[in-house]
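Quick notes on the structure that follows.
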Amino acid sequence: MAKFLLKLLLKNGQSTSDPLVREKCGKIASLVGIATNFVLFLLKILVGTLFQSIAITADAVNNLSDSASSVVTLIGFKLSGKPADEEHPYGHARMEYISGLVVSFLILFLGFQLIQSSVEKIFHPEQAQFSVVAAAVLVLSILVKVWQGLFYRGMGKAIASTALQATAADSFNDVFSTAAILIGMVITKLTSFNLDGYMGVVVAVLIIITGINLVRETSNPLLGMAPDKKLVDEIYKKILSYDGIIGLHDLMVHNYGPSRCFASVHCEVPASRNIMESHDIIDTIEHDFKKEMGIQLVIHLDPVETDNEQTNNLRAQVFALLKEISPEIRMHDFRVVWGKTHSNLIFDVLVPFQFKLRDKDLSDYISKKISDLNSSYNAVITIDHSYVPSEIGKNGEV
């Protein structure tokens, strides 16, 4: 069904990354969730009440929370589709993440409430009645939830929506919880041992686990997580494909919601090349990224001396020295100010956040190693930390 809806929505060459298409897909998926989950809630709350089953009642409340989650998601997609304004120049796309976070806390609250009710049922059991009608409703629920999971997963992948993909995972979790209730009913019928309260606890625990996972998944983009490595590699490969770019570093990618990506990077160009030519290349790259990848890219131009043999040899020596210290270390922006009494070696060193040495200790150690090469060498080092999964350029430098 997801593919069928996408065919209807994708007209006139539109892409799933188009904000209007994403908003329409999100609205349709949310409306489907509201309707199907509310119907399941009505059926289960009726059956759970008639046959005095706390487990089925808990599962009904779970479906009601899913319906409420779809309402919040619908509102989130609507608000995230609002255009940028003076107060929010980066748009409102992060509302999709905020709506997901609200849903996550709602799910957690319901889970804890259901645990309390189920534990009370364990200590004060009421004999749940087995019914073919109840079993049929649970089987129907399992089939609907399997369909829901496949629908949400297909739609979520198509429009790259973490909210819908999380909803798909929640639907598949519901399949297992409802199946557990059905199995418990059968065992209770065959053995006369009342598992109703215990099955209610199982459902409640699954709801809480889902809520915790959703909190983590929806809060990470709000906190500012590292960009996807595949995207980073694609950015590197594309920039390095332009003639005149000999390296890049200090890439930063900021995500303000789906299809709202901003990035900045330092691009190295030969210092001997005409500055106007290099600037034109930079302008072309920025324009191409906006047109082809939808990324607002800002490039800082770094001239690099490439035809000074003495500087090139010294760069190679320093690079080899850093590799001896640790293969995790990277170097960029290397330049030398040659003098009669001493020469300044100016460069940046990129290290992982959890590196074994503190920044100052590492800087002092590198400075000593460079001084050992020649006592007239004075190292001016800036320690950097990467904002993306990998920053490796040509020749192993960043």
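The values are calculated or read from the model by the stated rules, or taken from the named source; none is laboratory data. Please read all numbers here as calculations on a predicted model, not as lab measurements. Virtual Cβ from ideal backbone geometry, glycine too; neighbours counted across all protein chains shown.
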**OP:** Name the single residue, out of those in region 377-389 being assigned to a strand (DSSP E or B) and hydroxyl-bearing (S, T, Y), that is nearest to the chain's Cα centre (by Cα).
**Re:** T382
Subject >> Among residues of region 153-199, those that are touching a Gly at 6+ places or on another chain (Cβ under 7 Å), assigned to a loop (DSSP other than H, G, I, E, B) and farther than 18 Å from L114 by Cα, counted >> reply: 1
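Per-residue answers, yes or no, for (1) in contact with a strand residue (DSSP E or B) (Cβ under 6 Å, 6 or more places away or on another chain); (2) of a type in the set (S, T, N, Q):
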residue: L240; (1), (2): no, no
residue: L248; (1), (2): yes, no
residue: C267; (1), (2): yes, no
residue: I281; (1), (2): no, no
residue: D307; (1), (2): no, no
residue: N312; (1), (2): no, yes
residue: Q317; (1), (2): no, yes
residue: P327; (1), (2): no, no
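Conditions (1) at pLDDT below 85; (2) of a type in the set (F, W, Y); (3) surrounded by fewer than 16 Cβ atoms within 10 Å (Cβ to Cβ); (4) within 19 Å of G76 (Cα to Cα), marked per residue:
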site: L138; (1), (2), (3), (4): no, no, no, no
site: G156; (1), (2), (3), (4): yes, no, no, yes
site: V175; (1), (2), (3), (4): no, no, no, no
site: D196; (1), (2), (3), (4): yes, no, no, no
Original post:
Quick one: would you say E234 is of a type outside the set (F, W, Y) and over 30 Å from I45 (Cβ atoms)?
Top reply: yes
Original post:
Do we find a residue being under 24 Å from the mean Cα position of the chain (by Cα), modelled with pLDDT under 75, part of a loop (DSSP other than H, G, I, E, B) and on the phi < 0 side of the Ramachandran plot anywhere in region 64-76?
Top reply: no
Original post:
Within region 9-55, which residues are in a helix (DSSP H, G or I) and modelled with pLDDT under 85?
Top reply: L9, P19, L20, V21, R22, E23, K24, C25, G26, K27, I54, A55
Original post:
Can you name every residue in region 96-152 that is polar (S, T, N, Q) and in a helix (DSSP H, G or I)?
Top reply: S99, S104, Q113, Q116, S117, S118, S141, Q148
**OP:** Please find, within region 345-376, the residue that is farthest from the chain's Cα centre (by Cα) out of those that are surrounded by 15 or more Cβ atoms within 10 Å (Cβ to Cβ) and polar (S, T, N, Q).
**Re:** S367
Original post:
In region 276-289, how many are loosely packed, with under 13 Cβ neighbours inside 10 Å and more than 14 Å from D243 (Cα to Cα)?
Top reply: 2
Original post:
Taking into account only those residues within region 359-393 that are charged (D, E, K, R) and at pLDDT 90 or above, which is farthest from A226 (Cα to Cα)?
Top reply: D372
Original post:
Within the set of pairs 6 or more residues apart or between chains, which connect a residue that is of a type in the set (K, R) inside region 359-377 to a residue that is in a helix (DSSP H, G or I) with Cβ atoms less than 8 Å apart?
Top reply: K369/L321; K369/I325
**OP:** Taking E328 as meeting all but one of (1) assigned to a loop (DSSP other than H, G, I, E, B); (2) surrounded by fewer than 13 Cβ atoms within 10 Å (Cβ to Cβ), write down the number of the exception.
**Re:** (2)
Original post:
Residue check, I299 against (1) closer than 25 Å to Y256 by Cα; (2) over 39 Å from the mean Cα position of the chain (by Cα); (3) aliphatic (A, V, I, L, M), all met but one. Which one?
Top reply: (2)
Subject >> Any chance L150 is surrounded by fewer than 19 Cβ atoms within 10 Å (Cβ to Cβ), over 30 Å from V21 (Cβ atoms), modelled with pLDDT of 85 or more and among the hydrophobic types (A, V, I, L, M, F, W, C) >> reply: no
Original post:
Looking at (1) over 16 Å from E286 (Cα atoms); (2) modelled with pLDDT of 90 or more, which is the one condition that is false for H266?
Top reply: (1)
